[in-house]
């Protein structure tokens with residue numbers, strides 16, 4: 001089994017969460033993973049390899065504040081979701097990525113429960129979206145928030161993460 005780590009160089013204060021850039025060790029050198037084609041199943045595998053078995057797992061574009069150098073080892077691992085690490089995924093092709101460092105994937109893994117609600121609206125299906133993480137309710141940024149995000153938020157109120 002190979003090694004995976006999440007490197008974080010920004011402030012994120014949710015106890016128990018794993019958040020940051022995905023890095024994998026191959027041929028003795030740490031490298032990154034491309035975000036192109038990176039799926040929720042790929043994220044599940046990374047989170048599991050970091051010791052988080054269940055919960056809320058989200059891939060997102062990297063928000064690094066540093067210049068990233070070194071190899072981009074993987075692109076489109078195409079995991080089924082039950083592998084123990086990215087190297088077992090059927091699409092894992094090491095060292096062949098043409099991905100640029102501006103397209104590396106970051107993840108958010110959290111297995112302590114996430115709740116979503118609408119607050120402050122006049123009717124149950126209206127209001128601002130709030131998320132409960134780490135025991136605290138907070139709002140989410142509305143930049144680029146669209147009707148698809150709204151649908152997911154409404155469905156999330158009914159689902160247990």
**Fill in**
Residue hits (region 1-34; assigned to a loop (DSSP other than H, G, I, E, B) and either within 16 Å of residue 82 (Cα to Cα) or modelled with pLDDT under 85 (or both)) are 1, 2, 8, 9, 10, 11, 12, 13, 14, 15, 16, 17
**Request:** Go through (1) in a strand (DSSP E or B); (2) at positive phi one by one and return the number of the condition residue 118 breaks.
**Result:** (2)
**Request:** Using the structure shown, decide if residue 83 is closer than 15 Å to residue 3 by Cα, modelled with pLDDT of 85 or more and surrounded by 18 or more Cβ atoms within 10 Å (Cβ to Cβ).
**Result:** yes
**Message:** Any residue that is at pLDDT 80 or above and more than 30 Å from residue 27 (Cβ to Cβ) - is there at least one of those in region 93-100?
**Reply:** no
**Request:** Please state which of the following conditions residue 120 fails to meet, knowing it meets all the rest: (1) assigned by TED's automatic domain parsing to the domain that holds residue 71; (2) loosely packed, with under 13 Cβ neighbours inside 10 Å.
**Result:** (1)
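The values are calculated or read from the model by the stated rules, or taken from the named source; none is laboratory data. Quick caveat, the model's predicted, so the values are computed rather than measured. Cβ: placed from backbone, ideal geometry, glycine included. Neighbour counts: every protein chain shown.
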